[in-house]
Structures are given as C-alpha cells and as structure tokens.
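Here's the structure we're looking at; comments come further down.
The values are calculated or read from the model by the stated rules, or taken from the named source; none is laboratory data. From a predicted model like this one, the values you see are computed outputs, not experimental measurements. For neighbour counting, all protein chains shown are included, and Cβ atoms are generated from backbone atoms with ideal geometry for every residue, glycine included. Side chains are part of the model used for accessible areas, which takes the heavy atoms of the whole protein and leaves out ligands, DNA and RNA. Shrake-Rupley method; radii C 1.70, N 1.55, O 1.52, S 1.80 Å.
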Amino acid sequence: MEIALVNVLFVCLGNICRSPSAEGVFSALAAREGLSGVIGVDSAGTAAYHAGEPPDRRAQEAALRRGVDLSRQCARKAASSDFAKFDYVMAMDRENHRNLQAICPAGQEHKLFMFLDFAPESGHRDVPDPYYGGGQGFEMVLNLIEEASAGLLRHIREKHGL
Ligand code: 4NP
C-alpha cells in the first residue's frame with residue numbers, strides 16, 4: 001500500500017474474512033467519494049495462520065454480490081510497526097483489540113479503535129467471526145461493515161477537513 005494522507009488498517013483474527021471485507025468496502029466507499037488517493041486502506045490479522053492466502057471464498061462471493069472485489073488481497077499478520085504507518089488501527093472485535101493493545105508501542109494507543117464504535121446504532125460491539133458459521137454470517141458481517149464504514153469515513157472527513 002502506498003502511504004496516503006490518512007491511513008487506515010482493519011484488523012481481525014485471520015485476515016481472510018472480516019478485515020479484508022472491511023478493507024474492500026471502506027476503499028470502495030472512499031473511492032465513491034473521490035478520496036482514493038487521499039485515504040490509504042489495508043488489512044491484517046492478529047494471527048498468521050492464513051498469511052499469504054487470498055480472502056475466504058465465502059467472503060469474496062458475498063462482497064462481490066455487493067460490487068466489491070476482494071480477489072487481489074493477500075493475508076498478513078499485524079505488526080507493532082503498523083502503528084507507526086497507520087493513523088487508524090480498527091479492531092473488528094474485543095479479542096482483536098486486546099491483542100493489538102499488547103503489541104501497540106507506547107504513545108500510539110490513540111490510534112487503536114473498535115470499528116463498531118463508528119456504528120453506535122448497530123447494537124453490536126464486535127463484528128461476529130463468520131469463519132465457522134454459515135453464509136448468513138457473511139451478510140451480517142457486511143451489513144455491520146457498511147454501517148461502520150460510513151461512520152468512520154464521516155469522522156475522518158470531519159477530523160481531517162476532507
Ligand atoms: P477472520 O475469520 O478473523 O474474520 O479472518 C477467521 C479466519 C480464520 C480463522 C478464524 C477466524 N481460523 O481459525 O483459521
């Protein structure tokens with residue numbers, strides 16, 4: 001990813017379901033608002049089980065039904081150095097948040113957020129892990145991601161005068 005004015009990293013456990021979906025949906029939204037060169041977007045996982053793999057086929061199919069192509073993404077593990085590169089590190093659930101807190105360098109804690117804090121009306125704090133469930137889980141994940149992406153983009157536009 002090229003360094004942009006504002007850089008956002010989405011983080012889940014495996015980086016093959018929730019965070020690649022968030023990367024795709026949020027990038028598409030930023031592009032629709034003419035901000036693709038201004039906001040950089042990436043994703044990572046707190047675990048490395050699937051490093052090097054493309055997103056889960058079910059996640060790809062669900063995203064594509066909403067016009068979002070995840071096929072060029074490649075899973076990687078989140079690192080402490082990500083906190084220097086990104087302005088917003090968005091945890092998909094409380095477990096991801098705890099794992100990110102554990103690798104967050106001193107002085108960078110203000111960059112770590114719960115993604116769904118930007119969807120306060122959703123009634124959820126965690127984006128539920130869809131990996132071991134059925135197809136409906138992926139639709140729910142995308143609904144939550146779309147709602148929080150709109151809230152996050154609104155926040156970034158206001159905060160950075162975009
Ligand atoms: P994700 O989903 O964190 O949304 O990418 C998962 C993917 C893989 C595993 C767990 C969750 N796993 O245990 O392999």
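Before moving on, here are some points about what is shown:
- Lone unmet requirement of (1) touching a strand residue (DSSP E or B) at 6+ places or on another chain (Cβ under 8 Å); (2) crowded, with 24+ Cβ neighbours inside 10 Å for ILE3: (2)
- The stretch 1-42, subset in contact with a helix residue (DSSP H, G or I) (Cβ under 8 Å, 6 or more places away or on another chain) and of a type in the set (Asp, Glu), residue farthest from ARG76 (Cα to Cα): GLU33
- Any hit, the stretch 12-28, residues being assigned to a loop (DSSP other than H, G, I, E, B), more than 10 Å from the ligand (Cβ to nearest atom) and surrounded by fewer than 24 Cβ atoms within 10 Å (Cβ to Cβ): no
- Exactly one residue out of LEU116, LEU153, LEU142 is within 16 Å of the ligand (Cβ to nearest atom), among the hydrophobic types (A, V, I, L, M, F, W, C) and touching a Leu at 6+ places or on another chain (Cβ under 7 Å): that is LEU116.
- Of all residue pairs spaced 6 or more apart or on separate chains, those with beta-carbon atoms under 6 Å, a first member in the stretch 9-20 that is of a type in the set (Val, Ile, Thr) and a second member that is assigned to a strand (DSSP E or B) and open to solvent by less than 10 Å² (accessible area, probe 1.4 Å) are VAL11/ALA44; VAL11/ALA91.
- Residue match in the stretch 42-60 (condition: closer than 20 Å to LYS159 by Cβ and touching a strand residue (DSSP E or B) at 6+ places or on another chain (Cβ under 7 Å)): yes
Each row is one residue, and each column tells you yes or no for (1) closer than 20 Å to GLY133 by Cβ; (2) among the charged types (D, E, K, R); (3) more than 16 Å from the chain's Cα centre (by Cα); (4) modelled with pLDDT of 95 or more.
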residue: LEU29; (1), (2), (3), (4): no, no, no, yes
residue: LEU35; (1), (2), (3), (4): no, no, yes, yes
residue: PRO55; (1), (2), (3), (4): yes, no, no, yes
residue: ARG65; (1), (2), (3), (4): yes, yes, yes, yes
residue: ALA84; (1), (2), (3), (4): no, no, yes, yes
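- Just so you know, in the stretch 106-129 the residues that are in contact (Cβ under 8 Å) with a residue 60 or more places away in the chain and under 20 Å from SER27 (Cβ atoms) include one that is farthest from the chain's Cα centre (by Cα), and it is VAL127.
- Residue that is nearest to the chain's Cα centre (by Cα), among those in the stretch 86-105 that are away from the ligand (no atom under 14 Å from the Cβ) and closer than 20 Å to LEU153 by Cα: VAL89
- Tally, over the stretch 69-84, of residues that are acidic (Asp, Glu) and more than 18 Å from ILE3 (Cα to Cα): 1
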